[in-house]
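Asker: Got a structure for you, questions after.
Only the coordinates and a few stated rules stand behind these numbers; no lab work does. What you see is a predicted model; the values in this text were computed from it and never measured. All Cβ positions, even for glycine, are placed from backbone atoms using ideal geometry, and neighbour counts span all protein chains on display.
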């Protein structure tokens, strides 16, 4: 039986922080820039691949030195805007988490410098890449730990192609929990058939950032409250865009503590790869929900043959919410409006909610319900027909007939042709309206 004390405790946990301050932490210009999707790097002359676009991220520049591609990573504390109104104190590489994507071609000789600007030692492991044992990056096993202020050099030849990762193999629980990871893409020497028109990269991760704080709790094992695509949560995640008829590839790596069924609407993935390389043609399979295990990669491809705004998200429903509390009593169908006033006298800022479900939270946020500093409502986002009521691992694939090849800009909301939107049944009439009701704006 739920007691009065339980109700008060749950209400205080949800809302008392807002009584102290309702001011969100705003990102500065550099933090906002680091969290926007950058255009792909131009491919070298004579190469045949389509460059990868890292959602809400970037690709690491390189220079040639005597036939060797040279990259420089810096491990350091970073501030990451998860979504407007929330900035988190993470660790990462080159001012961002995940770190910039390393992009190469099979057969390249690479030299990667890692400078440590963390307060503790680190290393870097090249997850899935075949290389000499002494370059594998496991601290204490393959190399000494890299102390603060030191720079180590890794050099090897890439003898495979596919989708790989990099991350520390030192104090791994803390360093991964704070966001130290990145993608390592190796394109094949020969042109791919069929050709890929758009190539996207996403790393899945989870964080526990308690409301009113800014540092992820590295000791949390399973009960996280932020579920991220490339260390961003919805509505802070950029859309994936494509031109009608293009072949799209989405590389999804998982360095979180949970598996994730990544579900796409309006089409189906052809699952073509893992972190061990490409799946033979005869073994490939189609799924609308592509399960990505922990510490692994799945690559899904599809033809963008249906124009519209199509959801892309983890199909674990709690992973499409932000800042979830796990200790709040279940109040569905529990009448408590009669005592809400009395609770409000004891807990300033308390609002009765949950009796009819959690959708009312969206209305309360719009009404100005106070929140703790530096956190986000569970359900957010505004769509063309109203609140999207999403968070966490959610974004939109936008397919347009007039999207120019190579144009990654957001085309705005889809304008539905007449007669293609569900409509409200009024007065028993089944006559389709000329325009969709409630549609707000196509311009953004």
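Asker: Using only Cα atoms, find the angle between the long axis of helix 4-20 and the longest principal axis of the chain, and express it within 0 to 90 degrees, rounded to the nearest 10.
Answerer: 60
Asker: Of all DSSP beta bridges located in the chain, what percent are antiparallel, nearest 5? Display every interim value, and only then the final one.
Answerer: Values: 69 of 96 bridges.
Antiparallel: roughly 70 percent of the beta bridges in the chain.
Asker: Would you mind telling me the antiparallel percentage of the DSSP bridges in the stretch 150-251, rounded to 5? Walk me through the numbers on the way to the answer.
Answerer: Values: 10 of 14 bridges.
DSSP beta bridges in the stretch 150-251 are roughly 70 percent antiparallel.
Asker: Next question, about the same structure. Mean-square fluctuation check for the chain, GNM, Cα pairs under 10 Å: which of 391, 85, 236 is largest?
Answerer: Highest fluctuation among the options: 85.
Asker: Still on this structure: Mind pulling the angle between the C-alpha long axis of helix 337-346 and the longest principal axis of the chain? Nearest 10 degrees, somewhere in 0 to 90.
Answerer: Helix 337-346 and the main axis of the chain meet at about 70 degrees.
Asker: Read through the labelled values [x] 76, 56, 40; [y] 73, 63, 50; [z] 81, 53, 48 and report the label of the one computed as Cα extents along the principal axes in Å from the structure.
Answerer: [x]
Asker: Among 107, 419, 92, which one shows the highest mean-square fluctuation when the chain is modelled as a Gaussian network with alpha-carbon springs under 10 Å?
Answerer: Largest GNM mean-square fluctuation: 419.
Asker: Ranking request for peptides 421-432, 240-251, 189-200: highest mean number of other beta-carbon atoms within 10 Å first, then the rest in descending order. Don't jump to the answer; show the numbers that get you there.
Answerer: Working: 421-432: 9.1, 240-251: 20.3, 189-200: 14.6.
Top of the packing list down: 240-251, 189-200, 421-432.
Asker: Taking all pairs of different Cα atoms in the stretch 66-154, averaging 1/r and flipping that mean, what Kirkwood radius in angstroms comes out?
Answerer: Details: mean 1/r = 0.0697 Å⁻¹.
Roughly 14.3 Å, rounded to one decimal.
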